[in-house]
Amino acid sequence: MGNTSKPTGVIEGIVPVMLTPFDNSGAIDYAGLERLIEWYLQYGADALFAVAQSSEMQFLSLAERAALARFVVDKVAGRVPVVASGHISDDPDAQAEELTAAAASGAQGVVLVTNRLDPKREGTDTFLANLRRLLERLPSEVPLGLYECPAPYRRLLSDDELKACIDTGRFVMLKDVSCDLRTVKRRVALAEGSPLKILNANAAIAWDAMKAGSAGFNGVFTNFHPDLYQWLRSESARNPALADELSTFLVVTAVSEALGYPALAKMYHQRIGTFGSIRCRVIDYDVRERFWALDAVLDKIVAGTEHFRARIAVL
């Protein structure tokens with residue numbers, strides 16, 4: 001896999017993993033999605049990651065995944081880069097079809113899911129063979145990304161696998177789900193001088209990873225306060241004490257991901273008027289019945305977010 005292409009996209013900074021709003025019937029709420037796009041841009045997003053796990057991509061048809069990516073690209077209209085995935089299938093031909101559909105959306109990057117390149121956990125040889133086959137079938141001019149998606153299993157890249165991807169010259173981002181600062185630092189060093197940017201997705205190490213050279217943050221709590229992560233990345237040197245305090249709040253807040261995400265994020269956006277329903281396809285239970293204090297938790301997240309926004313605003 002030689003250096004066959006020179007990708008032009010740069011994906012870095014605060015990159016929300018987009019939600020997919022549904023109406024109460026379960027159909028995609030495109031009006032809500034348009035409001036969500038504008039909210040991301042208003043609150044500091046540097047790029048958008050459409051049709052990801054947070055988008056419930058495993059529960060969308062191919063037609064829905066393609067339409068979703070195209071809608072986001074059209075509504076963003078070049079204001080920030082958009083990358084899209086929707087890479088969920090086991091069959092290699094189906095994978096090529098869904099990634100080609102993502103490329104046809106006009107997205108500035110198409111993101112490959114690492115576990116789909118080794119669906120049976122067979123190891124590096126299988127991973128690289130499947131990667132080679134897909135690269136031969138995808139448009140060479142489209143920049144690519146990698147995503148260590150936790151579903152159906154978390155398939156972390158070895159250093160050798162990451163280096164092989166970098167050496168193709170086609171990859172511009174890795175959504176790093178190692179949740180390990182030492183691994184992030186090692187990967188930053190491996191990618192140095194290449195087009196590939198390492199985007200940490202774990203809130204517990206978000207600020208430390210940024211300071212260690214991670215090119216940004218790509219975690220799920222970009223759906224609550226992307227602007228606070230943006231301040232940490234861009235402005236924290238102005239007030240290190242506040243940055244320490246803010247980073248602690250962000251870590252503690254992110255623990256609530258276990259309380260029915262992405263429904264929790266949809267509850268937040270329902271509160272602020274982005275969309276009307278918290279309907280999820282990935283969740284088949286009543287989140288408020290399972291997590292009795294969910295609204296109280298959300299109250300604290302909202303209050304804390306506004307507290308730090310107000311403190312930052314007067315600096």
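The values are calculated or read from the model by the stated rules, or taken from the named source; none is laboratory data. The structure displayed is predicted, hence computed values, not measured ones. With ideal geometry, Cβ positions are generated from the backbone for all residues, glycine too; neighbour counts draw on all protein chains shown.
For residues in the range 211-234 being more than 17 Å from residue 305 (Cα to Cα) and over 16 Å from the mean Cα position of the chain (by Cα), which is surrounded by the most Cβ atoms within 10 Å (Cβ to Cβ)? Result: 212. For the range 33-68, the tally of residues that are crowded, with 23+ Cβ neighbours inside 10 Å, out of contact with any Gly (no Cβ under 9 Å at 6 or more places or on another chain) and not in a helix (DSSP H, G or I) stands at 1. Among the residues making up the range 223-243, a single one is modelled with pLDDT under 95 and more than 11 Å from residue 211 (Cβ to Cβ): 238. Any chance the range 14-32 includes a residue that's at pLDDT 95 or above, surrounded by fewer than 22 Cβ atoms within 10 Å (Cβ to Cβ) and under 15 Å from residue 216 (Cα atoms)? No, every residue in the range 14-32 fails to be at pLDDT 95 or above, surrounded by fewer than 22 Cβ atoms within 10 Å (Cβ to Cβ) and under 15 Å from residue 216 (Cα atoms). Please indicate, with yes or no, whether at least one residue in the range 76-91 is surrounded by 18 or more Cβ atoms within 10 Å (Cβ to Cβ), of a type in the set (Lys, Arg), over 14 Å from the mean Cα position of the chain (by Cα) and at pLDDT 95 or above. No: the range 76-91 contains no residue that is surrounded by 18 or more Cβ atoms within 10 Å (Cβ to Cβ), of a type in the set (Lys, Arg), over 14 Å from the mean Cα position of the chain (by Cα) and at pLDDT 95 or above. Contact annotation: residue pairs with Cβ atoms under 6 Å, 6 or more positions apart or on different chains, pairing a residue in the range 290-312 that is over 26 Å from residue 236 (Cα atoms) with a partner that is of a type in the set (Gly, Ala, Ser) and surrounded by 17 or more Cβ atoms within 10 Å (Cβ to Cβ), are 291/260; 297/256.
With respect to being in a strand (DSSP E or B) and either under 18 Å from the mean Cα position of the chain (by Cα) or hydroxyl-bearing (Ser, Thr, Tyr) (or both), residue 71 falls outside the description. Comparison of 286, 208, 299 shows that the only residue that is surrounded by fewer than 19 Cβ atoms within 10 Å (Cβ to Cβ), over 23 Å from the mean Cα position of the chain (by Cα), over 21 Å from residue 55 (Cα atoms) and not polar (S, T, N, Q) is 299. If only residues of the range 167-184 that are of a type outside the set (D, E, K, R), out of contact with any strand residue (DSSP E or B) (no Cβ under 7 Å at 6 or more places or on another chain) and more than 16 Å from residue 130 (Cα to Cα) are counted, the one that is surrounded by the fewest Cβ atoms within 10 Å (Cβ to Cβ) is 181.
From the list 254, 258, 209, which one is more than 30 Å from residue 25 (Cα to Cα) and among the aliphatic types (A, V, I, L, M)?
Numbers: 254 fails: more than 30 Å from residue 25 (Cα to Cα); 258 fails: more than 30 Å from residue 25 (Cα to Cα).
Every option except 209 fails the conditions.
Taken as a whole, the structure places residue 103 among residues that are in contact with a Leu (Cβ under 7 Å, 6 or more places away or on another chain) and either buried (at least 19 other Cβ atoms within 10 Å of the Cβ) or assigned to a helix (DSSP H, G or I) (or both).
Taking every residue in the range 262-280 that is closer than 16 Å to residue 56 by Cβ and touching a residue at least 40 places away in the same chain (Cβ under 8 Å) and pairing it with any residue that is of a type in the set (A, V, I, L, M) and part of a loop (DSSP other than H, G, I, E, B), at least 6 positions away or on another chain, the pairs with Cβ-Cβ distances below 6 Å are 262/19; 265/19; 266/278.
Test residue 29 against the stated conditions and say whether it is over 18 Å from the mean Cα position of the chain (by Cα) and touching a residue at least 60 places away in the same chain (Cβ under 8 Å). Reasoning before the result, please.
On the way: over 18 Å from the mean Cα position of the chain (by Cα): yes; touching a residue at least 60 places away in the same chain (Cβ under 8 Å): yes.
Yes.
Considering each residue of the range 114-134 in turn, at least one proves to be surrounded by fewer than 18 Cβ atoms within 10 Å (Cβ to Cβ) and among the hydrophobic types (A, V, I, L, M, F, W, C). What about residue 238, is it touching a residue at least 60 places away in the same chain (Cβ under 8 Å), under 19 Å from the mean Cα position of the chain (by Cα) and surrounded by fewer than 23 Cβ atoms within 10 Å (Cβ to Cβ)? Considered against the rule, which asks whether it is touching a residue at least 60 places away in the same chain (Cβ under 8 Å), under 19 Å from the mean Cα position of the chain (by Cα) and surrounded by fewer than 23 Cβ atoms within 10 Å (Cβ to Cβ), residue 238 comes out as no. Do the conditions hold for residue 155, that is, is it charged (D, E, K, R) and either at positive phi or more than 17 Å from the chain's Cα centre (by Cα) (or both)? No; evaluated as a whole, the condition is false for this residue.
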